[in-house]
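What follows is a single structure, written as structure tokens, with notes after it.
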Amino acid sequence: MNNRVRKAGVFVVTAAAVSTLLFGGTLCQAQKTTINVLSVQDPFWFALEKVVPQYEKETGVKVNLQGLAYDAMHAKLITSFIGKTKGLDVITIDQMWLSQYAENRWIVPLTSYIKADREEVRMNEFVPEAIHTMSEWRGDIYAMPIAPYGQFVMYRTDLLDQAGMQAPPTEPAAWWTWDKYMEYVEKFDQLGQDIYGTVIVGAQPVPIVHMYTQLAVSKGVRWFKQFPEAPWDFTPTINTAKNVEALKYYKKLYEHSPEESINYIWYDAGTAFSKKDIGIFFWWSPYGYLVRQAGYMVEEPSPNAGKYGVALLPFEPGVQQVYSLGGWTLGIPAYSVYKEEAWDFIKWATSRRIQKMMALTPPYQFNDFAREKLFTDEDIIEHYPWLSTQLYTLKLGNGKITRPPIPIYSTLEGFYGLQLNSALAGLKSPEAALADAETQFNLILKQNFYLPYGAASYDDTLESVEKLIQELSP
């Protein structure tokens with residue numbers, strides 16, 4: 001606990017002693033602190049909800065943990081920021097929102113808090129790639145990771161045996177290319193009328209971008225001429241031969257997917273894999289445990305539980321492999337009146353002790369760690385045996401390349417997702433869809449003064465973040 005909190009603690013104890021003498025403790029009880037924590041209802045929320053009573057027991061601080069869906073969460077946060085509402089103390093932040101929140105000063109930098117509590121926080125335990133993607137903007141730490149996600153492959157082991165194919169690798173292998181992946185999809189598709197080779201996410205504007213950009217970045221596609229390395233140049237590079245090839249590949253994956261998957265959002269793809277006969281697909285790492293259940297965060301086990309494996313993503317020969325990295329962090333709104341208490345909760349929730357407690361809480365639906373030592377904890381591996389593969393996806397992850405989190409990202413993503421969906425639906429050719437996307441990118445970037453870019457750049461590299469982590473470590 002830092003000096004600020006200790007000083008506050010002295011005041012509270014003194015006030016409590018006086019109030020007990022005068023009023024028998026009534027005033028002390030009335031002044032008991034309550035912090036409001038607003039979170040998206042991703043899997044970590046359910047695990048966090050179960051351990052919050054432990055925090056209340058340890059600290060005496062009441063936690064009002066509220067959960068919302070993704071779109072509702074973002075809308076409520078923007079409304080509260082614009083209105084300078086003081087009712088929120090801790091919020092979950094999608095990596096894509098961090099730069100917008102930071103540059104508008106809607107959240108407070110945590111760098112000074114971390115420096116004061118470096119022995120307790122131990123920044124050098126965190127996976128640097130997760131901090132780079134999720135927590136840092138222009139050289140400051142604005143939030144602490146509560147649930148980083150990579151992407152990997154999941155496949156049905158029983159269908160693999162039926163097809164007589166080799167298991168996809170859990171370590172880098174020269175034979176595991178995107179061409180080979182398509183061969184697997186096609187062979188699975190030939191096993192029977194009710195068996196699908198794969199499943200894609202096709203809903204626009206946001207979900208399709210999450211899955212498609214992993215494929216695209218692995219094939220060498222970038223959004224801009226230069227970002228996040230300095231000097232920043234936001235000339236769009238969406239309409240390229242590499243991206244046309246990637247979109248044609250994605251369309252082919254859709255041909256081997258359930259027809260309705262063109263409207264699938266995040267959870268739909270995972271639920272389809274857990275309940276239908278789908279050979280193989282790639283998706284966010286939480287689905288490694290989510291597909292064990294028959295639906296999103298339900299108690300009923302999946303009929304396919306115990307019949308699937310986890311593997312690394314394929315790669316494109318001649319292209320440096322990049323994994324998509326995303327997820328959620330905890331930050332403090334600028335208008336919170338309980339910033340010290342909020343910081344204390346963030347330290348607690350992102351600590352190794354509490355993250356392990358969340359992972360080992362039945363029904364074992366959380367393993368989205370940012371602290372590297374948790375991936376080698378034998379107690380946790382017993383319930384999540386693919387953790388070494390999952391860690392590899394984070395170590396090769398770079399969310400600032402895959403989905404560049406500039407302040408106007410959400411606007412660009414909306415146009416991109418619409419065009420990708422149009423290509424899947426056959427309303428446009430891949431070439432036309434990407435040409436239209438780039439035209440829209442150019443318009444939005446010029447309107448928001450990104451083209452030409454005259455503001456200061458920041459050399460936002462992994463190396464610079466690793467240096468920052470060392471400066472903030474014990």
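Rule-based calculations on the coordinates, nothing more; no lab input. Please read all numbers here as calculations on a predicted model, not as lab measurements. Because the Cβ atoms are built from the backbone with ideal geometry, glycine has one as well, and the counts that use them run over all protein chains shown.
Quick one: if the Förster radius is 25 Å, what FRET efficiency do residue 467 and residue 120 give, using the C-beta to C-beta distance and rounding to 0.05? Can you show the working numbers first?
Values: r = 21 Å, r/R0 = 0.85.
Once the sixth-power term is evaluated, E becomes 0.75.
Where Lys and Arg each count +1 and Asp and Glu each count -1, what net charge lies around residue 80 among other residues with Cβ under 12 Å from its Cβ?
Here the count lands on +2.
According to the square roots a ≥ b ≥ c of the eigenvalues of the Cα gyration tensor, what is the shape class of segment 221-355, taking rounded for a/c under 1.5, prolate for a/b larger than b/c otherwise, and oblate for the remainder?
oblate
Remind me, what semi-axes does segment 384-446 give for its equivalent ellipsoid, largest first in whole Å, using sqrt of 5 times each Cα gyration tensor eigenvalue? Intermediate values should be presented prior to the final figure.
Details: eigenvalues 181, 59, 14 Å².
Values for segment 384-446, descending: 30, 17, 9 Å.
What lysines could a cross-link reach from residue 32, if we take a straight Cα to Cα line under 18 Å and drop same-chain neighbours fewer than 8 places away?
7, 57, 62, 86, 339
Using the number of other C-beta atoms within 10 angstrom as an exposure proxy, rank 90, 337, 185 with the fewest first.
337, 185, 90
May I ask you to evaluate 6.51 cos²θ - 1.76 cosθ + 1.60, the Karplus curve with θ = phi - 60°, for each residue of segment 128-143 and list the ³J(HN,Hα) values in order in whole Hz, giving x for glycine and proline?
x, 4, 5, 4, 4, 6, 9, 10, 9, 9, 6, x, 10, 8, 10, 7
Pick out, in residue order, every one of the chymotrypsin sites (Phe, Trp or Tyr not before Pro) in segment 129-228 that is DSSP loop and has at most 11 other C-beta atoms within 10 Å; say none if there are none.
Working: sites: 137, 142, 149, 152, 155, 175, 176, 178, 181, 184, 188, 196, 212, 223, 224; in loops: 142, 175, 176, 223.
Of the chymotrypsin sites (Phe, Trp or Tyr not before Pro), the ones in loops of segment 129-228 whose Cβ has at most 11 other Cβ atoms within 10 Å are 175.
Counting Lys and Arg as +1 and Asp and Glu as -1, what is the net charge of the other residues whose Cβ lies under 10 Å from the Cβ of residue 415?
Here the count lands on -3.
If you wrap segment 339-474's Cα atoms in a convex hull and average its projection over all directions, what's the area in nm²? Let's see the in-between values first.
Values: hull surface 52.9 nm².
In nm², the orientation-averaged hull projection of segment 339-474 is 13.2.
Per residue of segment 310-316, in order, report the coupling 6.51 cos²θ - 1.76 cosθ + 1.60 (Karplus, θ = phi - 60°) as ³J(HN,Hα) in whole Hz, putting x for Gly and Pro.
10, 9, 6, 5, x, 10, 9
State log₁₀ I(q)/I(0) for segment 125-230 at q = 0.10, 0.20 Å⁻¹ as given by the Debye formula over alpha-carbon point scatterers of equal weight, solvent excluded.
-0.45, -1.23
Starting from one equal scatterer on each C-alpha and no solvent at all, send me the Debye-based log10 I(q)/I(0) for the chain at q = 0.12, 0.13 Å⁻¹, two decimals.
Evaluating at q = 0.12, 0.13 Å⁻¹ gives log10 I(q)/I(0) of -1.07, -1.25.
Could you line up 73, 211 from fewest to most neighbouring Cβ atoms inside 10 Å?
In order of increasing Cβ crowding within 10 Å: 73, 211.
Would you mind checking segment 350-378 for residues with the amide N under 11 Å from a putative spin-label position 7 Å along Cα→C-beta of residue 58?
350-358
Hey, what do the phi angles of segment 459-468 turn into as Karplus ³J(HN,Hα) couplings, whole Hz, using 6.51/-1.76/1.60 and θ = phi - 60°, x for Gly and Pro?
Result, rounded to whole Hz: 6, 8, 9, 4, 4, 5, 6, 4, 5, 4.
For each pair in 225/446; 180/252; 84/115, compute the distance between the two Cα atoms and list the pairs where it is over 18 Å.
Correct reply: 84/115.
What is segment 31-159 by shape, rounded, prolate or oblate, if you read a ≥ b ≥ c off the alpha carbon gyration tensor as root eigenvalues and call it rounded for a/c under 1.5, prolate for a/b larger than b/c, and oblate otherwise?
Verdict is rounded for segment 31-159.
On C-alpha positions alone, give me the angle between the axis of helix 339-349 and the longest principal axis of the chain, in degrees, nearest 10.
Once rounded, the angle reads 50 degrees.
Based on DSSP, what percent of beta bridges with both residues in the chain are antiparallel, to the nearest 5?
65
Could you give the angle, 0 to 90 degrees to the nearest 10, between helix 430-447's Cα long axis and the longest principal axis of the Cα atoms of the chain?
Result, in degrees: 30.
For the Cα atoms of the chain, what angle does the longest principal axis make with the long axis of helix 178-189, in degrees from 0 to 90, nearest 10?
For helix 178-189, the angle is close to 80 degrees.
For a footprinting-style exposure proxy, rank 34, 59 by other Cβ within 10 Å, fewest first.
34, 59
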